[in-house]
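Student: This is the structure I want to talk about, given as structure tokens.
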Amino acid sequence: GAGVSQSPRYKVAKRGQDVALRCDPISGHVSLFWYQQALGQGPEFLTYFQNEAQLDKSGLPSDRFFAERPEGSVSTLKIQRTQQEDSAVYLCASSLRRSGQSVAKNIQYFGAGTRLSVL
Amino acid sequence: ILNVEQSPQSLHVQEGDSTNFTCSFPSSNFYALHWYRWETAKSPEALFVMTLNGDEKKKGRISATLNTKEGYSYLYIKGSQPEDSATYLCAYTTPMNYGGSQGNLIFGKGTKLSVKP
């Protein structure tokens, strides 16, 4: 079956440019997470959606980062005025269950990521 | 600070060797421990999710154990094959709504395994 799809796979941006990264989760998955993996680090949480509601955006590093999921399926992570420190792999993951006590042990299914390079 | 430590950082073994990695995590406010395998240019693939102290999981030649009291998990690969070459990530979750958590994964930096034929 279709997994989580992310596009583009690679993106090169000039410093100051705006970028938009897309995530198509597995159909029917209510929960959607975005993570950022800088070089040499583990993935770090950015934001979480339950359907169309953004329930946690505590990991977004600055107000230049914005995420949306308007119809509760496809999500877009937008980065305005990109900086060199934004260079990273951006991972999207989806899972089946709604927010609740058991969701913390639900498997998250990941896309292959978007590698962003800011020059 | 909710740190996950993985060791070793990288590992080179010969085909047929057995190997193991360590993941340590804060034992307080623990809910679940996840192991993922991430091959280059592919999606991270879930291997195991464990919640209970003493849990042991097995999938083919790969197995994992969990000690929640002391805050560590081991991942074992028996008879490594070249196709096992990947980065192995562990991550844990805190109870829902602890510190605002919505079930997001807190990752270590991973162990990069290379298996030579």
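Laboratory data are not the source of any read-out in this text; all were calculated from the coordinates shown. Being a predicted model, the structure only gives us computed values, none of them experimental. Backbone-built Cβ (ideal geometry, glycine too); neighbour counts: all protein chains shown.
Student: Provide the per-residue ³J(HN,Hα) series for segment A:2-13, in order, calculated from phi with Karplus coefficients 6.51, -1.76, 1.60 and θ = phi - 60°, each as a whole number of Hz, with x at glycine and proline positions.
Tutor: Taking θ as phi minus 60°, the curve returns 6, x, 7, 10, 10, 8, x, 6, 9, 9, 10, 10 Hz for segment A:2-13.
Student: Okay, moving on. Through the Karplus equation 6.51 cos²θ - 1.76 cosθ + 1.60, θ set to phi - 60°, convert the phi angles of segment B:101-108 into ³J(HN,Hα) values in whole Hz; use x for Gly and Pro.
Tutor: 4, 10, x, 5, 7, 10, 9, x
Student: Ok, one more. If you put +1 on each Lys and Arg Cβ and -1 on each Asp and Glu Cβ, how big is the dipole of chain B around its Cα centre, in Debye rounded to 20?
Tutor: 80 debye
Student: A:Phe66 versus B:Thr40, label points 7 Å from Cα toward the beta carbon: distance in nm?
Tutor: 3.7 nm
Student: So, one more: State the extension gain, in nm to one decimal, for the chain segment bounded by B:Ser7 and B:Tyr76, taking 0.36 nm per residue of separation less the distance between their alpha-carbons.
Tutor: 23.6 nm
Student: Also, I was wondering about something else. Given +1 on the Cβ of Lys and Arg, -1 on the Cβ of Asp and Glu, and no further charges, what dipole in debye does segment A:52-97 carry about its Cα centre, rounded to the nearest 20?
Tutor: Approximately 20 debye in magnitude.
Student: Stokes-Einstein D for chain A at 37 °C, 0.692 mPa s, Kirkwood Rh over Cα pairs, in µm²/s?
Tutor: 230 µm²/s
Student: Restricting the count to DSSP beta bridges whose residues both fall in chain A, what percent are antiparallel, rounded to a multiple of 5?
Tutor: 90 percent
Student: What aspartates and glutamates could a cross-link reach from B:Lys116, if we take a straight Cα to Cα line under 14 Å and drop same-chain neighbours fewer than 8 places away?
Tutor: B:Glu15, B:Asp17, B:Glu83, B:Asp84
Student: Roughly how big is the protein assembly as shown's charge dipole about its Cα centre, with Cβ charges of +1 (Lys, Arg) and -1 (Asp, Glu), in debye to the nearest 20?
Tutor: The calculated dipole for the protein assembly as shown is roughly 260 debye.
Student: Still on this structure, please answer the following. Add +1 for every Lys or Arg and -1 for every Asp or Glu among the other residues with Cβ under 11 Å from the Cβ of A:Ser87, and state the total.
Tutor: +1
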